[in-house]
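Each value in this text was obtained by applying a stated rule to the coordinates, not by laboratory testing. Because the structure is a prediction, the values reported are computed rather than measured. Note that each Cβ is placed from the backbone with ideal geometry, even for glycine, and that neighbours are counted across all protein chains shown.
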Amino acid sequence: MSFNVVIPARLDSSRLEEKVLIEINGIPMVIHVAQRASLSGAKNVVIATDDKKIAEVARHYNFKSVMTNKNHLSGTDRCLEASEIIKWDGQDIIVNVQADEPLIDPALIDLLAKNIIDDQSEYVTACSEFKSYKEFVNPNNVKVILDNFSNALYFSRSPIPYSSSTNLSDNNYAYHHLGIYAYRLNALKKFCSFSISNLERIEKLEQLRALSNNLRLRVVLYDGKPIIGVDTLEDLNLVKAMISKQ
């Protein structure tokens, strides 16, 4: 199985200053991500950044980085530019791993890449089951509902589909979307050629651009270790505690 991991990492962040460089147990967050990604079956792990400070940190820890445009609207666009700089082939597989997920499971990265290879999908993401109703209604937890062939029908920050029940077993049509993607490079190019859709703008979810343009997005179920992105100080403290116990 041959694939590449790209970690888009911009320096600016709205809630935590220079978030991806915050140290956890003495190691910058983006390096935790890169180290875990390197435990997957990836042939290459590349940090795609917009700032020399991140590039220098990558070099210090012996990870490859590429400098990309500061004005990209999303990490997906940054992944595409990185692939063009490196000159990967249109059939190459890229797994887009977010730089603020220091608990990323290498097995999840492999799962997405394997799905591209074995099922001949072009564009894949992941989901997990909600553990509580509180998680389900939290707008920070993105919901995804699937068709009968495990393709995404819709993503939302709202609790979908509607149900008057607070019993999670009555709301088991929706899954917790995990913000990781794998693509053939040609599919990535197609995605980035689309204009931002109205649904994407309203929900602030870039994957809705694909659905608005009839680009099929396969969703695989992941039931492994918890994946926690760092968006707030509360998230950061939780992740620090979890990593300290490992």
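Worth pointing out:
- The aspartates and glutamates within cross-link reach of Lys189, meaning a Cα-to-Cα straight distance under 19 Å and a gap of 8 or more places when in the same chain, are Asp77, Glu81, Glu84, Asp89, Asp92, Glu122, Glu200, Glu206.
- For the stretch 84-148 versus the stretch 188-246, the gap between their alpha-carbon centres in whole angstrom: 8
- Local electrostatic count at Arg36 - Lys and Arg +1, Asp and Glu -1, tallied over other residues with Cβ under 15 Å: -3
- From helices alone, the chain scores -9500 deg cm²/dmol at 222 nm; the rule is -39500 (n - 2.57) for each run of n ≥ 4 DSSP H residues, then divide by the residue total.
- Of the beta bridges in the chain, as assigned by DSSP with both residues counted there, near 55 percent are antiparallel.
- Shown in residue order for the stretch 235-246 are the 3J(HN,Hα) couplings computed by the Karplus curve 6.51 cos²θ - 1.76 cosθ + 1.60 at θ = phi - 60°: 4, 4, 5, 5, 5, 4, 5, 5, 5, 5, 7, 7 Hz (x for Gly and Pro).
- Computed over the alpha-carbon pairs of the stretch 198-246, the distance histogram in 5 Å steps reads 4, 16, 14, 14, 15, 17, 11, 7, 1 percent, short to long.
- Across all directions, the average flat footprint of the convex hull enclosing the Cα atoms of the stretch 1-123 is 7.3 nm².
- Shape descriptor for the chain: Rg over Rh equals 0.94 (Cα atoms; Rh from the Kirkwood inverse mean 1/r).
- The phi torsions of the stretch 81-86, fed into the Karplus equation with coefficients 6.51, -1.76 and 1.60 and a -60° offset, translate into couplings of 4, 4, 5, 6, 5, 7 Hz, rounded to whole numbers, with Gly and Pro shown as x.
- Computed on the Cα trace of the stretch 124-208, the radius of gyration divided by the Kirkwood hydrodynamic radius gives Rg/Rh = 1.00.
- Inter-site label distance for Ser38 and Ser132 at 7 Å from Cα along Cβ, in nm: 3.6
- Counting only Cβ charges, +1 for Lys and Arg and -1 for Asp and Glu, the dipole size of the stretch 4-244 around its Cα centre is about 300 debye.
- Above-threshold pairs, the threshold being 22 Å between Cα atoms, out of Lys225/Lys245; Lys43/Lys204; Lys19/Lys43; Lys114/Lys240: Lys43/Lys204; Lys19/Lys43; Lys114/Lys240
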